[in-house]
């Protein structure tokens, strides 16, 4: 589930208006570098900042949290079955007496790692394949477009679910590869579209006419100019990957025991949600908050990287209010 | 124009066939129904296993199995399940169950999504926009299986506070319900509300985000300014010239949205105990049943492609630039 | 055709006494990343009924913002103060509903970009009818009928049919006509035209300007025409207002402004425009620096940092508009107007005197007779066609676009050839064919004697050293992710220069194009358009080429910046003995910079030759029409000139007319007796020598002076 991707992202330029006489330059010396501008814009977006803190906090918690707890995900407390949260077990216990905090952290670990790896692999693939297809067109391009069309008809969820008996009992890393293998295509299509636009840009033509070979043009001019898109996409992809993983795991088509993920926890406990809500609410809460944080960061990045962002207005109003106060 | 739509339709039929073939092949290659059978306790006699293998055509190569199955499909026979029940018998009822959920969900989703998106764009950076944005962000970050379970918990809460079971969240009708058609309708509605919400909320969030950004694009356009310069009020210009143009990109999204809906529907059916196509898919994969899986895939493909074709028709109807060629 | 009941009032129906529009002390500001942009700062002007006021300024001068403020169409983030009175009625503070009763009815507007000004999903006729329906209680049929009449009035042929077409089926010029039809639909009292011709080709520009004059005649409305081009308003406006940094810096009657400009900025602007009608080498006045940032303006005159006459007093306070030469009509915002008045020269010559401008020397190779110089680039009967395909799965060819239909020319060492033509004439295709260096579909391209059809990859790579390119859009021609240093160094890296050599040469190139090497570590985003274009030129010179292909190198720049870049190009040519292929649509620039000129129409060169010969004595009717369409920044001359208006639009290059390609729009052809017309229809005219180094492709070529 990808949230809005703004295909019109200006390929990382500082809002050069097309056509018409050229406007005055920022004054030399006072000009902000693009990086600084993006940073300032991002920092201004409170939600995105909160999101970033939440994401970092969750990664930290998933790996450090279990060390601080006296319970482990694979030991049971035989004095506490299905207990709601209390001082001893802050997230309660399940029906065999496992500490829900330890279990949730364990699941969180797996889900977060899977999300990160899938996003990295798929965005890299998308950049390479999309840029190559867009630049060279021809067969590779046709194949890419066709595969994307096919995926529309045959949701990746379905394919991985069908393949799930095959990787049952094998490493969870296979799942990562599967998820990545089906997540790059949509991004690749967007990258392809942007490559087609960039290819017509004069600096790319200039490089071509000075004799720069194609693969160098892609590496030096095309991919770096899509950096903003790729960063946004990688961020959003972490969220999508976590959602895809938990969705599959919910039905038992994803992460397999003895591994646990947020998805297996939610799936296993959804039935008893109305009677023992803590079994469901804690893993589900972590999942929703994490994905929400990722989406906020993605949105904040898009706003920060988008030269036409209009958030300034708000900021200014606030400033004048502060000054008045 | 008609020729264009016809060509697209042919293209889609081919895609549906390819998708089904792929699903069939993958399922045949990974599924091991005999293995499942052998793990039964007590194990079935060798003779019956051999018979099963023959019944399932496991002695034939996969392409041949597909041709055999497809040959049946063309005549309206979708083969038999592993448990040896004809798929065709169940198919009609299950499709009915799923479509009721899908169509209602997508209709509500598009209507309210577009409305919310437009309001959000027009009132950009005002309270209603922030509220709508927050609403859709949270919903887009909440997977259907969490949302469904939460709605279930909420419905339970409402029922408890009223004291009667107003909202029923198990099954699509009360088994053995007696009454006239009006009471039957009421009973169905009681069952329908919560699952439809589970599907529609996500769709509303999805469409509203896209509608918002497409509307924002239009808000800055020259032609809107021209319309105002003619003497239309801003509001009138927005609705007559702006919305009409901003709807064009929504047509293409329709196909994407439907794919999302199918996956969401699977979770919804499982959570609320509706025996539709999604539920069948999970049952089929868990039982490693190729015929069920392929049948559901075919259904999904046809649905997605039909919506894709509908999107083409809509696009042509909305955009005169496409209509010409 | 019976006319409908909706008619224009009798022209010049003065409803109210006094000005139609009275703007007093208008201020407009916007929030931005780096503070409040004060786009308009204390602007006052008025428009009398039936009067044409020209507002001239460069981008960022506040000219468009102030007119959008009149229309009440600024975004809600804008802060507007002051007074805008329309027919005595205050507009500031009125709500949208009240303003919308005035907009389109009493005041209407024509925008710059006709391509995006119409809603793509409604027919043109419906959109014009809508303008009538929102203001008048008439039936839909009556409005639709009126829309057709209006389309007919603005010169759309076959208006009944065309009213049913969608905007994308109209050409840019036709769309602008439709927008004008909309603007005059309700017989307004004021029409604001914001750069109405900037996005259009010259011949279309002439048509649209003519149409605006007609519109003014039929409606009797006052007109505010906003432009950056001093030529456009010279013959049309009654009064002129020059804006700089959000304020009016000079205003007065149009003749006074052109002949006795009293503000150094106006002077500089006039001096920076290449003149179509000046034969001998004209010195162009570059105005140094860039317009100031509107977020934090310094005290004092905003033009002071760029002004050649600046004195200390200029920095103390911003001068108000003061009457000059004892005239109430003419006012300028400068404390040294008297000294400007004291110079003997008038207009542009005064500018040359005050700003100091020089004509670059001829390169040394130019002294050798042309025939003896080496041919740097030769095109022999070059052909480029594109297939038109139909079908998704089974592609079939349904037609051919003859983009370039056999053109020949050569460029010799140290020489500039200007390749001119309107959009769609094939000049860009020609350019790309030359730069691609592939084997052409037909004909031959040879660079320094090497034929492109015979070269392999290695040889092609070597040729690229001798030929470089400068593109049009300075914003797009430099990779925003590379520092200036990397941008300029890239061609040398590709061609294997050593690190030391590159490090030595890059600062040298920076100095050559007039930039400081200290700026090398900056990114393109930190430079202005003119500076970026200089960087692009430095990059093009990195490999010491023999030939530089210039693709509209100054058309995206403001006039005051443009002159500097043109001067730089001339200076480099003289210093380095370069040959230029200068592709442009602006004939004035070509006249200034080129030695020879080739005029293209529909994929053919219809006239070619020595630049003065072609401009002074054009032989081909198209060249004549093209030249006559270009406005000259001289109101007296401009009013006397006769304009040849071409009818219709460019035919599709997929289906060019038989015989002479220009005949469908040719005024000469139309005036010929039938038997001679047959020759035009049946025989394609060959290029024939008309004078020394002057060829034209017309059966009935004759000299017609149009300047």
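Can you compute the FRET efficiency between residue C:296 and residue A:70 using 1/(1 + (r/R0)^6), with r the Cβ-Cβ distance and R0 = 60 Å? Round to the nearest 0.05.
Working: r = 61 Å, r/R0 = 1.02.
Approximately 0.45, to the nearest 0.05.
Shielding of B:299-306 by partners, i.e. mean partner chain Cβ atoms within 10 Å per residue?
Values: counts 0, 4, 6, 1, 1, 4, 2, 0.
Mean shielding count: 2.
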- Item | Length-normalised contact order of chain C in % [C-alpha pairs under 8 Å, at least 6 apart] | 13
- Round to the nearest 10 and give me the degree value, 0 to 90, for the angle of helix B:127-141's Cα axis relative to the longest principal axis of chain B. 10
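So if I average 1/r over every pair of distinct C-alpha atoms in segment C:244-400 and take the inverse, what Kirkwood radius in Å does that give? Working shown, then result.
Numbers: mean 1/r = 0.0507 Å⁻¹.
Mean inverse Cα-Cα distance, inverted, gives 19.7 Å.
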- Task: Using only Cα positions of segment A:212-296, each an equal point scatterer, no hydration layer, compute I(q)/I(0) via Debye at q = 0.11, 0.19, 0.21, 0.26 Å⁻¹ and quote the log10 values to two decimals.
- Result: -0.45, -0.83, -0.93, -1.17
- Message: I want to check the label-to-label distance for residue C:169 and residue C:32. Put each point 7 Å from Cα in the C-beta direction and report it in nm to one decimal.
- Response: 4.2
- What is the mean projected area of the alpha carbon convex hull for segment C:349-487, to one decimal in square nanometres? 14.6
- Ranked by how many other beta carbons lie within 10 Å on average, peptides C:83-94, C:613-624 from highest: C:613-624, C:83-94
- Extending each Cα 7 Å along its Cβ direction at residue C:90 and residue C:327, get the distance between those two points in nm, one decimal. 3.4
- Note on the structure: In Å, the C-alpha Rg and Dmax of the protein assembly as shown are 35.9, 119
- Query: So if R0 is 45 Å, what FRET efficiency would residue C:367 and residue C:345 give, r being the distance between their Cβ atoms, rounded to the nearest 0.05?
  - Reply: 0.90
- Mind giving me the nanometre distance, one decimal, between the label points for residue B:14 and residue C:672, set 7 Å out from Cα along Cα→Cβ? 5.1
- Averaged over residues of C:471-484, the number of beta carbons from other chains lying within 10 Å of each residue's Cβ is 6
- Query: On full extension of the chain, what length is gained from residue C:451 through residue C:655, given 0.36 nm per residue of separation minus the C-alpha to C-alpha distance?
  - Reply: 70.4 nm
- Overall Cα dimensions of segment C:612-707 - principal axes, largest extent first, Å: 42, 33, 28
- Query: If you take all C-alpha pairs in segment A:39-309, what percent of them are over 32 Å apart?
  - Reply: 35
- Computed from the beta carbon distance with a Förster radius of 35 Å, FRET efficiency for residue C:77 and residue C:555 to the nearest 0.05 stands at 0.65
- Note on the structure: What helix-only [θ] at 222 nm does the protein assembly as shown give? Using -39500 (n - 2.57) per DSSP H run of at least 4, over all residues, to the nearest 500, the answer is -16000 deg cm²/dmol
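If you take every DSSP beta bridge fully contained in the protein assembly as shown, what fraction is antiparallel? Give it as a percent rounded to 5.
The antiparallel proportion sits near 65 percent.
With all distinct Cα pairs included, what does the Kirkwood hydrodynamic radius of segment C:2-237 come out to in Å, to one decimal, could you say? Write down the numbers at each step before the final one.
Values: mean 1/r = 0.0548 Å⁻¹.
It works out to 18.2 Å.
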- Roughly what angle does helix B:290-318 make with the longest principal axis of chain B, taking Cα atoms, 0 to 90 degrees, to the nearest 10? 20
- Message: What number do you get for chain B when its Cα radius of gyration is normalised by 2.2 N^0.38 Å, N = residues?
- Response: 1.21
- Task: Mind grabbing the base-10 log of I(q)/I(0) for segment B:167-210 at q = 0.17, 0.18, 0.30, 0.32 Å⁻¹? Debye formula, identical points on the C-alpha positions, no solvent, two decimal places.
- Result: -0.54, -0.57, -0.99, -1.05
- Message: Below 8 Å between Cα atoms, with a sequence gap of 6+, how large is the relative contact order for segment B:92-288 in percent?
- Response: 35
- Task: Name all residues of segment A:122-137 having a backbone nitrogen under 14 Å from the label point set 7 Å from the Cα of residue A:214 along its Cα→Cβ direction, giving them as ranges.
- Result: A:129-137
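What percent does the relative contact order of segment B:123-198 come to when contacts are Cα pairs within less than 8 Å and at least six residues apart?
Working: 39 pairs, mean separation 23.2, N = 76.
RCO, segment B:123-198: 30 percent.
What's the average, rounded to a whole number, of partner chain beta-carbon atoms within 10 Å of each residue's beta-carbon in C:114-124? Write out the running numbers ahead of the final one.
Working: counts 2, 2, 6, 8, 5, 13, 9, 10, 7, 1, 0.
Counting other chains' Cβ atoms within 10 Å and averaging over C:114-124 gives 6.
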- Quick one: what Rg and Dmax do you get for chain C from the alpha carbons, in Å? 26.7, 81
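FYI, it's all coordinate maths here, none of it is from the lab. These numbers were taken from a predicted model, which means no experiment stands behind them. Please note: Cβ atoms are built from the backbone with ideal geometry, for glycine as well, and neighbour counts cover all protein chains shown.
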